[in-house]
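The values are calculated or read from the model by the stated rules, or taken from the named source; none is laboratory data. Here the structure is a predicted model, which is why all the values come from computation and not from measurement. Don't worry about glycine lacking a Cβ; one is built from the backbone with ideal geometry, like all the others, and counts go over all protein chains shown. Note: accessible area is taken over every heavy atom of the protein model, side chains too, but ligands, DNA and RNA are not part of it. Shrake-Rupley method; radii C 1.70, N 1.55, O 1.52, S 1.80 Å.
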Amino acid sequence: MAGNDLGGLLGGLLGGRQGGAAAGGGADILGALLGALMSRGGGNNPLGGLLEGLTEAGLTDQTQSWVGPGENQPVTGDQVRQAVPDDALRQAAEQAGVSPEQAADQIAQVLPGTVDKLTPNGQVPSESLEEIIRKQGL
């Protein structure tokens, strides 16, 4: 699945464009990032790899808050930049026509809510990311 398609599905998952341009743009960039991670060998579900990278970057509490019940802890663009492979972030930013810094900031805004919605049972599902999103009723 192409990053743009994935971004559109994520945008729908987050309430579409009603959430404002920043939310829609962030979902598109997150979709592009997940697409870039898939092309790097992330399989059909790069969400687990993204969460693993965030955990390895010291964001265990944040990622667990998104996957588990309770309030989602925020993450910053700087934290996203530290946790995501530079080439994947650059690819996502280029696809969206923004700088890597802007891409990371927009991803940071939508990442907690997106992961929360994609992990309704408190764990990262094993099926493809496209299937997970489609099960959310899109």
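Of the residues making up segment 98-124, those that are outside any helix (DSSP H, G or I) and open to solvent by 70 Å² or more (accessible area, probe 1.4 Å) are PRO120, ASN121, GLN123. Counted as qualifying within segment 1-61 are the helices (runs of 4 or more DSSP H) with 3 or more residues that are modelled with pLDDT of 55 or more and open to solvent by 30 Å² or more (accessible area, probe 1.4 Å), namely 3-13, 47-56. In the set (1) surrounded by fewer than 22 Cβ atoms within 10 Å (Cβ to Cβ); (2) in contact with a Lys or Arg (Cβ under 7 Å, 6 or more places away or on another chain); (3) not basic (Lys, Arg), GLN73 fails one condition alone, (2).
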